[in-house]
Amino acid sequence: MSVILVTGSYDHEIRFWEAWSGICSRTIARSGESGQVNRLAISPDKRLLAAAIHKKVYIYEITSTSSTPLTCLDAHTNNVTSVSFHSEGKWLVTGSEDGTIRIWDLRSTQVHRTYDNGAPGKFYPFFHDLNDVCVHPNQGELISCDQAGCIKQWDLSENLCSHELTPAGDVPIRSVSLASDGSCLVAGNNKGKCYVWKINEEKSDLPRYQAVTKFSAHKKYLTRVLLSPDVKYLATCSADTTVKIWSISQNYEFRQEKVLQGHQRWVWDCAFSADSAYLVTASSDHTARLWEMASGETVRQYNGHHKGETPPAAVCCALHDGAG
């Protein structure tokens, strides 16, 4: 399988797609089971799929035809909102609305380490909820964002939070994305604003996170920010049904290049191809789309997730077409 494209939905199903034909090649139906699929991640070697489903994370073998997971990671006490593999594929990082980040050893399926984002306050019980977590390319740090409007760097070696950013007060930060070369960090908040920091070396005299720009990407709720693998583009997804593509100059100027239009409802998630030439998006209109970056046109649409009742079928996606 040279190209692996997976989508998940509030209809509880996980679907594997043939990217170019648009044919669904496998469905993990999870019939009789409850819990929406929140996030998906594919291991670097293309062997495993991690699916965050309500409070648990299920690990599936990608080449298998079985709907039975290899294992279930069960320790979070609320919705798991983010899931990502460490570069070697032996560790998995998860973030949850329970306010914790957990690092799992996939060989033993045990929690290796837990980071506590802080106890909820009496008047703001949801402030500690984690919305997104990503692994720094150096594999030694994690970046998280939460409902309190905080972005935090967690050091794996020292087992602590070493940096904290609050770019817009207590406006919740919805999504964070790190450049593949570790050069910059982008965050998007509930009001459609994006914030960008240049990341300097810890040993330098400059601040670790140096604010370089901020801009309004969408007038409505922003759901995802994602930097392309070549760090030339930023994709922003929104409740306004669009995905916007921003070019990034060497001095961190962001210019809107294209507006990807076609989805009929909120766009929740996106994933770039390894060569940054294509983007997959997933929407609560029950579809996923493959877009060509050069033209800004939809080249394939993936239909098949059932139309939910309440809530609508909010979809997540994962794409891996690079070397296994």
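The values are calculated or read from the model by the stated rules, or taken from the named source; none is laboratory data. Computed from a predicted structure; not experimentally measured. Don't worry about glycine lacking a Cβ; one is built from the backbone with ideal geometry, like all the others, and counts go over all protein chains shown. For accessibility, only protein heavy atoms count, side chains too; no ligands or nucleic acids. Shrake-Rupley method; radii C 1.70, N 1.55, O 1.52, S 1.80 Å.
Surface calculation, 1.4 Å probe, protein heavy atoms: TYR233 sits at approximately 70 Å² accessible.
In terms of its C-alpha gyration tensor, segment 166-324 has a prolate overall shape, because the principal axis ratio a/c (a ≥ b ≥ c, square roots of the eigenvalues) is not below 1.5 and a/b outweighs b/c. Only one item in [x] 18.4, 57; [y] 27.7, 86; [z] 18.4, 51 matches Rg and Dmax of the Cα atoms in Å derived from the coordinates shown, and that item is [x].
Using the Cβ-Cβ distance between ALA211 and SER66 with R0 set to 41 Å, the FRET efficiency works out to roughly 0.25. Largest to smallest in accessible area, the residues VAL111, VAL37 fall in the order VAL111, VAL37 (1.4 Å probe, all protein chains included).
Magnitude of the charge dipole for the chain, about its Cα centre and with charges confined to Cβ atoms of Lys, Arg (+1) and Asp, Glu (-1), is about 580 debye. Taken over segment 73-169, the ratio of Cα radius of gyration to 2.2 N^0.38 Å equals 1.03.
With a threshold of 23 Å on the Cα-Cα distance, the over-threshold entries among LYS90/LYS198; LYS55/LYS214; LYS56/LYS90 are LYS90/LYS198; LYS55/LYS214. Show me the GluC sites (Glu not before Pro) within segment 109-214 that DSSP assigns to loop and that have at most 12 other Cβ atoms within 10 Å of their Cβ. Qualifying residues, ordered by number: GLU158, GLU201, GLU202.
Taking the 1.4 Å solvent-accessible surface of the chain as the whole, the part contributed by carbon and sulfur is 47%.
Bridgeable lysines around LYS219 (alpha carbons under 20 Å apart, same-chain partners fewer than 8 residues away excluded): LYS191, LYS193, LYS244, LYS258. Taken per residue, the accessible surface of the chain reaches 43 Å², heavy atoms only and a 1.4 Å probe.
The dipole here belongs to segment 1-145: it is taken about the Cα centre, uses +1 on the Cβ of Lys and Arg and -1 on the Cβ of Asp and Glu, and is about 180 debye. Estimated at the nearest 10 Å², the accessible area of SER64 is 30 Å² with a 1.4 Å probe.
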